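Undergrad: Next up is a structure, given as structure tokens.
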Amino acid sequence: MDSSQWIDVTTEKNHYSLDHFVIPTHYEQDVSSILIPHGVIMDRVNKLARLIVEEATGPLVVCCILKGGHQYFADLVNAVKKLTNKDGKTIPLSLEFIRVKSYKNDKSEGVTMSITDEECNEFKGKNLLIVEDIIDTGATMVQLLKKLETFSPKSVKVTSLLIKKTPKSNGYIPDYVGFSIPDEFVVGYALDYNEYFRDLDHICVISEHGKKAYAV
Ligand code: 5GP
């Protein structure tokens, strides 16, 4: 997918005032603006589901990258289930949940996955769809893809709801992107800050107050 196909919410005018939507009272001080209201997220998820199904040729193993990807994964799978491809066929889905941690040291960069090599061997010959919440530098996804390729899947496609416009990007772009966002820390719709804000529906920019309140 090239950048003309995703929604750019990187400019100042894309931020909504907190007064215009309902924010849980326990987070009123902790976010500075609403970047993507929940309803817009849901409408975009429906379109991404349609694009994915149109291009799907057979069964998909849909892999949820935990924890941040779970809300997008749940809504996307729900939408995909209701759609048919260009031959009028629904797409058989199986679901996989992977917790991914990236690590860095002087010599190597890489990822550890919560599923075993034995479980990954099940990916052999399958069409994988990786569902991620956000691509920031792209480092985690590049390393994850490298690791998954070693298990010989038939194909691997990636969808990320968000991609951050940042000079730190390694240039990686997923196959299906929802929105490009500014280089700010966002929370909500399952994206967290130290495990907080997963219970916020809109995607919001965290405030200085919020960063302090939930610092560890
Ligand atoms: P990358 O390897 O692309 O730099 O980082 C990807 C991971 O960093 C994401 O899966 C997510 O966990 C975390 N991340 C990056 N930017 C944000 C952000 O703005 N908000 C939240 N909640 N997590 C982020």
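Nothing in this text is a laboratory measurement; each read-out follows from the coordinates by a stated rule. Quantities reported herein were computed from a predicted structural model and do not represent experimental measurements. No Cβ is skipped: glycine too gets one built from the backbone with ideal geometry, and neighbour counts run over all protein chains shown.
Undergrad: Please sort through the DSSP H helices of the chain and keep those with an alpha-carbon extent of at least 24 Å along the long axis and a Kyte-Doolittle average not below -1.0.
TA: Helices meeting the criterion: 38-55.
Undergrad: Placing +1 at every Lys and Arg Cβ and -1 at every Asp and Glu Cβ, with all other atoms neutral, what dipole size does the chain have around its Cα centre, in debye to the nearest 20?
TA: The calculated dipole for the chain is roughly 560 debye.
Undergrad: Report the FRET efficiency, 1/(1 + (r/R0)^6), for T11 and Y196, where r is their Cβ-Cβ distance and R0 is 30 Å, rounded to 0.05.
TA: 0.65
Undergrad: Same structure, new question: Arrange M113, M42 by Cβ neighbour counts within 10 Å, fewest through most, would you?
TA: M42, M113
Undergrad: Taking every pair of distinct Cα atoms and averaging 1/r, then inverting, what Kirkwood hydrodynamic radius in Å comes out for segment 130-211?
TA: This gives a value of 13.8 Å.
Undergrad: Looking only at GluC sites (Glu not before Pro) in DSSP loops with at most 16 other Cβ atoms within 10 Å, what is the longest site-free stretch of the chain?
TA: Excluding the exposed sites themselves, the longest stretch runs over 29-183.
Undergrad: Using a Cα-Cα cut-off of under 24 Å, which lysines could be cross-linked to K168, ignoring same-chain neighbours fewer than 8 residues away?
TA: Once the sequence-local lysines are set aside, what remains near K168 is K13, K67, K101, K104, K107, K146, K147, K157, K211.
Undergrad: Can you sort C204, C120, C64 by how many other beta carbons sit within 10 Å, fewest first?
TA: Ordered by Cβ neighbours within 10 Å, fewest first: C120, C64, C204.
Undergrad: Under a 5 Å amide H to amide H cut-off, with H placed in plane at 1.01 Å, what residues pair with N127 once short-range neighbours are removed?
TA: Amide H neighbours of N127: V61, K154, S155.
Undergrad: Also, quick follow-up: Quick check: pseudo-label points 7 Å beyond the Cα along Cα→Cβ at I115 and E149, how many nm apart are they?
TA: 1.9
Undergrad: To check my understanding: the extent here is largest minus smallest coordinate of the Cα atoms along each principal axis. What are those three numbers for segment 67-169, in Å, largest first?
TA: Here the spans come out as 51, 34, 21 Å, largest first.
Undergrad: Oh, and also: Test of understanding: extend the Cα→C-beta vector of M1 to 7 Å, then name every residue of segment 163-197 with backbone N under 13 Å from that spot.
TA: 163-164, 173-181
Undergrad: Then there is this: Select from R99, R44, R198 the residue whose mean-square fluctuation is largest in a Gaussian network model of the chain (Cα-Cα springs shorter than 10 Å).
TA: R99
Undergrad: Net charge near L128, counting Lys/Arg +1 and Asp/Glu -1 over other residues with Cβ under 9 Å of its Cβ?
TA: Overall, the nearby charge balance is +2.
Undergrad: Further question on the same structure: Let me know the Rg and Dmax you get for the chain when you use only its Cα atoms, in Å.
TA: 17.6, 53
Undergrad: Rg and Dmax in Å for segment 1-79, alpha carbons only: what are they?
TA: Considering segment 1-79 through its Cα atoms, Rg and Dmax are 15.5, 47 Å.
Undergrad: In whole Å, how far is the Cα centre of segment 111-153 from that of segment 13-37?
TA: 34
Undergrad: Still on this structure, I have one more. For the chain, what does -39500 (n - 2.57) per DSSP helix run (n ≥ 4), summed and divided by total residues, give at 222 nm, in deg cm²/dmol to the nearest 500?
TA: Value at 222 nm, helices only: -7000 deg cm²/dmol.
Undergrad: Given Cα pairs under 8 Å that are at least 6 residues apart, what percent is the relative contact order of segment 96-216?
TA: Relative contact order of segment 96-216: 17 percent.
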